[in-house]
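Scroll down for the structure; my scribbles are underneath it.
The values are calculated or read from the model by the stated rules, or taken from the named source; none is laboratory data. These numbers were taken from a predicted model, which means no experiment stands behind them. Quick reminder, even Gly has a Cβ in these numbers, built from the backbone with ideal geometry, and neighbours come from all protein chains shown. What goes into the accessible areas is simple: the full protein's heavy atoms, side chains included, and nothing from ligands, DNA or RNA. Shrake-Rupley method; radii C 1.70, N 1.55, O 1.52, S 1.80 Å.
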Amino acid sequence: MQNENIIKGQGAQRNVINRFDRYTFEPEEDSFETVKTSFTEVFPKSIVNQVKSDDLPMEYSMNPYQGCEHGCSYCFARPTHEYWGYSAGVDFERKIMVKKNAPELLEKFFQKRGYRPAPILLSGNTDCYQPAERQFEITRKILQVCLDYRHPVHVLTKNALVLRDIDILQPLSEQNLVSVSLSIPTINEELRRKMEPRTSTAKNKLKAIEILSEHKIPVNVMVAPIIPGLNSDEPLTILKAISEAGAQSFGYTLVRLNDTVEPVFVNWIENAFPDRAQKVLNLIRSMRGGKLGEKKFFDRQKGEGNIAEMIHNSFKIGRKKFFDGKESSKLSTKGFTGAKDQQLRLFD
């Protein structure tokens, strides 16, 4: 049974204490209120981040938005909001910072003397196709810059809004410059509405895989995160569905609740699933050496114990059964010259 006081459409049910604040304000426990989303333009000096994590495959990432409206309580990016003076709780979902100058910054990055091209992950922290993208179209403009410069880009999103930009994705794909990864942690729609309340429906994500594949745009899927006791019984069902829809490959991660993600998730699950909250939390602890989080490279991906091993085995079976002979596309860097190709521009 779900707590009747839970705020629908939000993952975080309240703000949590910012680790860097000297003073804090504790709201009343029974103060349940949906906060309206606000947008603030910020002016970063760079948009491309060098990825220094040894267990991640990409060299660079970029994020046109800080904060994310999708409302996933388990999002590992939540603590980054604290560096801006906000909370990893409701603030992360409702106070969105917008980097309108991202396309110009990316173009300057491509023009740097001596730059050697490598695929850039568009997202990696917050979703580049979150609802704000309908209004600001920053991701669309970034993709256009990548097309102009013939630069490879990986797109990661939970939102079928990516289909809006097929007119740019298709010419990128024709030159082996793009892949799209959709995040699909569940295809149980009732669970999806609670886990990721403002993302696209599972049905629409699967349809997006079909449409992208029909346009010969390579599609991968991140089945992430796997939360024992919630979606850990779904791997084979999900892998079958995404394979039939046309996905080339998949990846997955086990849930980890680092820093201020932990109190957000704990509060969410106690409200959304009060009947099994403690069971789920104990199962997570069984994978994380008695803790809810893990930061060690490689260990954070694998987990430990019987539950983690069961999940890994499910994906091994699914890979052999539904993805045998399939593999993700390797993007090309050969066309990049460091100069804009005006003939590829689709809009001004």
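Which is open to solvent by less than 30 Å² (accessible area, probe 1.4 Å) and either of a type in the set (Gly, Ala, Ser) or in contact with a helix residue (DSSP H, G or I) (Cβ under 6 Å, 6 or more places away or on another chain) (or both), of 286, 243?
Working: 286 fails: open to solvent by less than 30 Å² (accessible area, probe 1.4 Å).
Answer to the selection: 243.
Can you tell me which residue within region 63-118, out of those that are at positive phi and open to solvent by less than 10 Å² (accessible area, probe 1.4 Å), is modelled with the lowest pLDDT?
Here is the first cut: in region 63-118, the residues at positive phi are 67, 71, 85, 114.
From what's left, open to solvent by less than 10 Å² (accessible area, probe 1.4 Å): 67, 71.
Working: 67: 96, 71: 93.
Restricting to residues being at positive phi and open to solvent by less than 10 Å² (accessible area, probe 1.4 Å), the top hit is 71.
What pairs come up if the first residue lies in region 216-230 and is farther than 23 Å from residue 294 by Cα, the second is β-branched (Val, Ile, Thr) and part of a strand (DSSP E or B), and their beta carbons are under 8 Å apart, counting only those six or more places apart or on different chains?
217/178; 217/180; 218/178; 218/180; 219/180; 220/180
Name every residue in region 108-140 that is in a helix (DSSP H, G or I), farther than 19 Å from residue 38 by Cβ, out of contact with any Lys or Arg (no Cβ under 9 Å at 6 or more places or on another chain) and not aromatic (Phe, Trp, Tyr), in order of residue number.
Within region 108-140, 108, 139 meet the criteria.
How many residues does region 220-233 contain that are open to solvent by less than 20 Å² (accessible area, probe 1.4 Å) and either within 19 Å of residue 300 (Cβ to Cβ) or more than 15 Å from the chain's Cα centre (by Cα) (or both)?
Total meeting the criteria: 8.
Inspect region 256-267 for any residue being open to solvent by 50 Å² or more (accessible area, probe 1.4 Å), part of a helix (DSSP H, G or I) and touching a helix residue (DSSP H, G or I) at 6+ places or on another chain (Cβ under 7 Å) and give the result as yes or no.
No - not one qualifying residue is present in region 256-267.
Quick check on region 321-334. Is at least one of its residues over 21 Å from the mean Cα position of the chain (by Cα), surrounded by 16 or more Cβ atoms within 10 Å (Cβ to Cβ) and modelled with pLDDT of 95 or more?
Scanning region 321-334 turns up at least one residue that is over 21 Å from the mean Cα position of the chain (by Cα), surrounded by 16 or more Cβ atoms within 10 Å (Cβ to Cβ) and modelled with pLDDT of 95 or more.
What number of residues within region 298-318 are open to solvent by less than 30 Å² (accessible area, probe 1.4 Å), at pLDDT below 95 and either part of a helix (DSSP H, G or I) or in contact with a Gly (Cβ under 8 Å, 6 or more places away or on another chain) (or both)?
1
Please specify each residue of region 179-202 satisfying the condition of being touching a helix residue (DSSP H, G or I) at 6+ places or on another chain (Cβ under 7 Å), over 18 Å from residue 137 (Cα atoms) and not in a loop (DSSP other than H, G, I, E, B). Even if it seems obvious, please write down each step before you answer.
Taking region 179-202 first, the residues touching a helix residue (DSSP H, G or I) at 6+ places or on another chain (Cβ under 7 Å) are 180, 182, 184-187, 189, 192, 194, 200-202.
Okay, now just the ones that are also over 18 Å from residue 137 (Cα atoms), so 182, 184-187, 189, 192, 194, 201-202.
The answer is 182, 189, 192, 194, 202.
When both residues are 6+ apart or on different chains and their Cβ atoms are under 7 Å apart, which pairs have a first residue that lies in region 137-155 and is over 14 Å from residue 108 (Cα atoms), and a second that is part of a strand (DSSP E or B) and open to solvent by 10 Å² or more (accessible area, probe 1.4 Å)?
Taking only residues 6 or more apart or on different chains, the pairs are 154/121; 154/181; 155/181.
Can you name every residue in region 51-62 that is touching a strand residue (DSSP E or B) at 6+ places or on another chain (Cβ under 6 Å) and either modelled with pLDDT under 90 or of a type in the set (Val, Ile, Thr) (or both)?
51, 58
Looking only at residues that are without any contact (Cβ under 8 Å) to a residue 40 or more places away in the chain and among the charged types (D, E, K, R) in region 175-208, which one is most open to solvent (accessible area, probe 1.4 Å)?
In this case the residue turns out to be 203.
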